Amino acid sequence: MNQFENKLVAVLNESIEPGKLMNGLAHMCIGFGAALGKEQLRLSDYRDADGGSHPNISEMPFIVLKANSNKIRKLRAEAIEKNIRFTDFTDAMTIGTYQEQQLRSSQTKEVDLNYYGIVLFGPWAMVSEMTRKFSLLK
C-alpha cells in the first residue's frame, strides 16, 4: 500500500513546445495548489545542511506524463465523471491579456480546444488507474 492517500499527476501535451508547456504547467500548479492548500499537498520546509530553508515542497511525488490533446480531453471527461479534482490549460488561455484569453475561452467550444495539459489530484488507486496508459514525459 502506498503511504499517500492521494496522488498528484500532470499529463502534458507532448506536441507543445517546451517553453509554452512549462508556462501552462506553472499556471495550472499555481491555481490548483492555491485551491488544494498546504495540508492536502503535504507541503514541507526542506532544510539543507547549512540551515537554509527550501519552503513549500510537497512530500508527495508529482508524476509528469505525456499524451496528445484528445487523450487529455478524454482524461478530463473521466475526471469529471469520477469526481476527481483537476485543472487544465488550453490554447485559448494563451496570447493577449487575461481578459482576451477569458473571452476567447468563452467563445470556443470544448471540442475545439487544444489541451496543453491537465493536473489531477485524488485517491491514489483511482488516479493511478486513470493514468496508467500514459508514459513518463522525458
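The values are calculated or read from the model by the stated rules, or taken from the named source; none is laboratory data. These numbers come from a predicted model, not from an experiment. Cβ placement follows ideal geometry from the backbone for every residue including glycine, while neighbour counts extend to all protein chains displayed. Quick note on the areas: whole protein, heavy atoms, side chains included, nothing else; ligands and nucleic acids left out. Shrake-Rupley method; radii C 1.70, N 1.55, O 1.52, S 1.80 Å.
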Item to check | Cβ pairs under 8 Å, 6+ apart, first in region 60-72 and within 17 Å of P18 (Cα to Cα), second of a type in the set (S, T, Y) and part of a loop (DSSP other than H, G, I, E, B) | outcome: N68/S15; S69/S15
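Tell me yes or no: at least one residue of region 14-36 is closer than 30 Å to A92 by Cβ, open to solvent by less than 60 Å² (accessible area, probe 1.4 Å) and part of a strand (DSSP E or B).
no
For A49, indicate whether it is touching a helix residue (DSSP H, G or I) at 6+ places or on another chain (Cβ under 9 Å), of a type in the set (G, A, S) and on the phi < 0 side of the Ramachandran plot.
On the way: touching a helix residue (DSSP H, G or I) at 6+ places or on another chain (Cβ under 9 Å): no; of a type in the set (G, A, S): yes; on the phi < 0 side of the Ramachandran plot: yes.
No.
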Item to check | I57 out of contact with any Pro (no Cβ under 8 Å at 6 or more places or on another chain) and without any contact (Cβ under 8 Å) to a residue 40 or more places away in the chain | outcome: yes
Checklist entry - Scanning for something in contact (Cβ under 8 Å) with a residue 60 or more places away in the chain and more than 28 Å from N6 (Cβ to Cβ), does region 120-137 turn up at least one residue? => result no
Checklist entry - Would you call S44 within 15 Å of L137 (Cβ to Cβ) and either in contact (Cβ under 8 Å) with a residue 12 or more places away in the chain or assigned to a loop (DSSP other than H, G, I, E, B) (or both)? => result no
Item to check | Some residue of region 57-77 being open to solvent by 20 Å² or more (accessible area, probe 1.4 Å), aliphatic (A, V, I, L, M) and under 16 Å from L136 (Cα atoms) | outcome: yes
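Can you name every residue in region 85-103 that is among the β-branched types (V, I, T), in a loop (DSSP other than H, G, I, E, B) and open to solvent by less than 80 Å² (accessible area, probe 1.4 Å)? Full working, then the answer.
So the first thing to find is which residues in region 85-103 are among the β-branched types (V, I, T), and the list is 87, 90, 94-95, 97.
Next, only the ones that are in a loop (DSSP other than H, G, I, E, B) stay: 94-95, 97.
Listed by number, the residues that qualify are T94, T97.
With respect to K82, determine if the residue is closer than 19 Å to S128 by Cα and either surrounded by fewer than 16 Cβ atoms within 10 Å (Cβ to Cβ) or in contact with a Pro (Cβ under 6 Å, 6 or more places away or on another chain) (or both).
Working: closer than 19 Å to S128 by Cα: yes; either surrounded by fewer than 16 Cβ atoms within 10 Å (Cβ to Cβ) or in contact with a Pro (Cβ under 6 Å, 6 or more places away or on another chain) (or both): yes.
For K82, the condition - closer than 19 Å to S128 by Cα and either surrounded by fewer than 16 Cβ atoms within 10 Å (Cβ to Cβ) or in contact with a Pro (Cβ under 6 Å, 6 or more places away or on another chain) (or both) - is met.
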